[in-house]
Amino acid sequence: MAAFSFTREKINEGELRKQLQDPAAGGYASFEGWVRNHNEGLPVRHLEYEAFEPLAIKEGERIVAEAIKRFGIEHAACVHRIGDLAIGEMAVWVGVSARHRAEAFQACRYIIDEVKHRVPIWKKEHYENGDSGWVNCERCAAPTTGDADHSRHAHSHEHHSPALAATHAHIGAPVPDYSRQMALKEVGAAGQAKLRSSRVLVVGCGGLGVPVISYLAGAGIGRLGLVDSDSLEPSNLHRQTMYALADVGKLKAELAAERVRALNPDVDVRPYTTHLDALNAPDLIAQHDLVIDCTDNFTTKFLLNDYCVRLGKPVVFASVYQYEGQLQIVQPGSACLRCVWPEATRDGIVGNCSEAGVLGPVPGIFGGLQAFEAMKLLLDLPGQLKDELLVLDLLTLSTSRVRTKRASACPEHAISRAVAAGHAASGAQASTAPVELEFDTLDQAHDAGFDIVDIREPHELQQTPTPSTHARHLPMAQLLHGQPPFEPTRKTVLLCATGKRSFAATQELRNRGIADVYSLRGGVKALQARLFT
Ligand SMILES: [Zn+2]
């Protein structure tokens, strides 16, 4: 007989008992679970059981095999009913034959307890009042509620056992139920706990962001940071189907946060109605475990790339163009966007949705892929996209995978190496000069004989110009490409938004033998702060 099986027919315990008979066995123990007529004070009329059968049978067989090995018994089997059951009917049967009664009892008890904990079976209760609700069997079997329909547990139930989430889908307010994803053995309670403890930053709440946000919220990610400074436009709705026409004009980050709260109150959602820039990016990225780029502009993509490489955070990129798109994951040790695109693509070279046109499902599909890759990373599932760029053409449904390689000339990777080396060597290496200097104003630095080089990106200077007429502008990538185009014998102080990039660039230049270069501590932010104090 099968060690573990499901049946839609009435369980015939007499027949099953016969099959376990063995002249060598001196004892037989069985357990029968029956459908009870009440649960948590509600009268129950009848029940439905549903199981994810392929997985459930595998797990059930494993449990019976464990019991046989563990207690040294002769034979054991378990049969569980599925489908519709009436009050009083047998829902589950366990039988064990063994040489001695003690092992028979113990093994029987072990099997029913483990089945309750580990096998993906759901129960739908139909109450006298006409309501019904799915409840998970671990919960309905918990002894504390005193309403178990058919099992008797003595030991306590751990909610983080590899079982399904205990949920009450109907009684009182509905609560999130992750049982359908936890039924996957790769997820389980441990995976769910991982998702719950994860913090994910989604940059962009548009066509890519909508599926990413929906699926991650549904999955029960602990914290979702949503960055978008745009307001909803009517032309967005064909692909951004999480929003409503009545929401036009409202900020998308706020709207998305509202949707997340409605979908899953477990998620700590934090909207940031701002444009991601060099000033806010480092802090926002540092506060999360994983970043998902759902923007359609290359400035932001490269900004995310640069900070994520430096901070060692994985980032899932996607871009779509008309009927095709691509997916790339940058994580510690892998190639980054600048390794692949050394001549950083400028905005406007590749059209965005408003210019090129797009059908709604295209970003939907790529956003779905991003959400899935993100979950693979968080759950540590196999098959992660690494050192490859996935290109998918939805018109032909053809995919190609392009290998990506860490480029030795990549400026971002040069900086991250310098930062790492700087941190590792701090205190140990006898550095002759401090890397960072402090000045109250840039004019003070100028008066002290320093050349001043602002290494921020052009768009940052547009937002916040360099607070000095003596400064030169030279974006960091240019500064670090080849020989620095300034007089190496002169004292130079570099500045950026917060002092992080200038610190890294200074380290890198020192490594290249330029001794008299320094970083302005705290960058433009610190200068501004001093102005107001
Ligand atoms: Zn790189």
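Scan region 103-115 and tell me whether some residue there is farther than 21 Å from C78 by Cβ, surrounded by 15 or more Cβ atoms within 10 Å (Cβ to Cβ) and modelled with pLDDT under 90. No, region 103-115 contains no residue that is farther than 21 Å from C78 by Cβ, surrounded by 15 or more Cβ atoms within 10 Å (Cβ to Cβ) and modelled with pLDDT under 90. Taken together, V212, V202 contain a single residue that is within 15 Å of the chain's Cα centre (by Cα) and assigned to a helix (DSSP H, G or I), which is V212. Cβ-Cβ distances below 6 Å connect the following pairs, each with a first residue in region 397-412 that is among the basic types (K, R), a second residue that is near the ligand (Cβ under 9 Å from one of its atoms), and a separation of six or more residues or different chains: K405/A335; R406/A335; R406/C339. Of the residues that sit in region 477-503 and are among the hydrophobic types (A, V, I, L, M, F, W, C) and either modelled with pLDDT of 85 or more or assigned to a loop (DSSP other than H, G, I, E, B) (or both), which one is most open to solvent (accessible area, probe 1.4 Å)? For region 477-503, the residue satisfying everything is F503.
Of the residues making up region 285-310, those that are within 16 Å of the ligand (Cβ to nearest atom), touching a Ser or Thr at 6+ places or on another chain (Cβ under 6 Å) and closer than 25 Å to R196 by Cα number 1. If you check K10, K18 for being out of contact with any strand residue (DSSP E or B) (no Cβ under 6 Å at 6 or more places or on another chain), under 30 Å from A102 (Cβ atoms) and not aliphatic (A, V, I, L, M), only one passes: K18. Selection over region 1-15 of residues that are part of a loop (DSSP other than H, G, I, E, B) and open to solvent by 70 Å² or more (accessible area, probe 1.4 Å) gives a count of 5.
Scanning region 365-389 for residues that are under 13 Å from L327 (Cα atoms), modelled with pLDDT of 95 or more and surrounded by fewer than 19 Cβ atoms within 10 Å (Cβ to Cβ) yields a count of 3. Answer yes or no as to whether E53 is under 17 Å from F6 (Cα atoms) and modelled with pLDDT under 90. For E53, the condition - under 17 Å from F6 (Cα atoms) and modelled with pLDDT under 90 - is met.
For region 229-250, the criterion of a residue being part of a helix (DSSP H, G or I) and crowded, with 24+ Cβ neighbours inside 10 Å is satisfied by no position. Just one of (1) open to solvent by 50 Å² or more (accessible area, probe 1.4 Å); (2) in contact with a strand residue (DSSP E or B) (Cβ under 9 Å, 6 or more places away or on another chain) fails for V212. It is (1). Checking the structure you have, find out if any residue of region 72-79 is free of Cβ contacts under 8 Å to residues at least 40 places away in the same chain and open to solvent by 70 Å² or more (accessible area, probe 1.4 Å). Looking for residues that are free of Cβ contacts under 8 Å to residues at least 40 places away in the same chain and open to solvent by 70 Å² or more (accessible area, probe 1.4 Å), one finds none in region 72-79, hence no. Could you go through region 44-60 and let me know if any residue there is closer than 13 Å to K123 by Cβ and in a loop (DSSP other than H, G, I, E, B). Within region 44-60, none of the residues are closer than 13 Å to K123 by Cβ and in a loop (DSSP other than H, G, I, E, B). Among the residues making up region 390-416, those that are within 15 Å of the ligand (Cβ to nearest atom) and open to solvent by less than 40 Å² (accessible area, probe 1.4 Å) are T404, A407, C410, P411, E412, H413, A414, I415, S416. Within region 28-40, not a single residue is modelled with pLDDT under 90 and either part of a helix (DSSP H, G or I) or of a type in the set (S, T, Y) (or both). Among all residues of region 419-430, there is none that is modelled with pLDDT of 90 or more and within 16 Å of the ligand (Cβ to nearest atom). Inside region 318-328, residues that are open to solvent by less than 40 Å² (accessible area, probe 1.4 Å) and more than 13 Å from the ligand (Cβ to nearest atom) make up a count of 5. For the condition without any contact (Cβ under 8 Å) to a residue 60 or more places away in the chain and open to solvent by 10 Å² or more (accessible area, probe 1.4 Å), L509 does not qualify. Reported count of residues in region 251-280, each being in a loop (DSSP other than H, G, I, E, B), open to solvent by 60 Å² or more (accessible area, probe 1.4 Å) and out of contact with any helix residue (DSSP H, G or I) (no Cβ under 7 Å at 6 or more places or on another chain), is 2.
The values are calculated or read from the model by the stated rules, or taken from the named source; none is laboratory data. This is a predicted model, so every value here is computed, not measured. Because the Cβ atoms are built from the backbone with ideal geometry, glycine has one as well, and the counts that use them run over all protein chains shown. We work out accessible area using only protein heavy atoms, side chains counted, and drop any ligands, DNA or RNA first. Shrake-Rupley method; radii C 1.70, N 1.55, O 1.52, S 1.80 Å.
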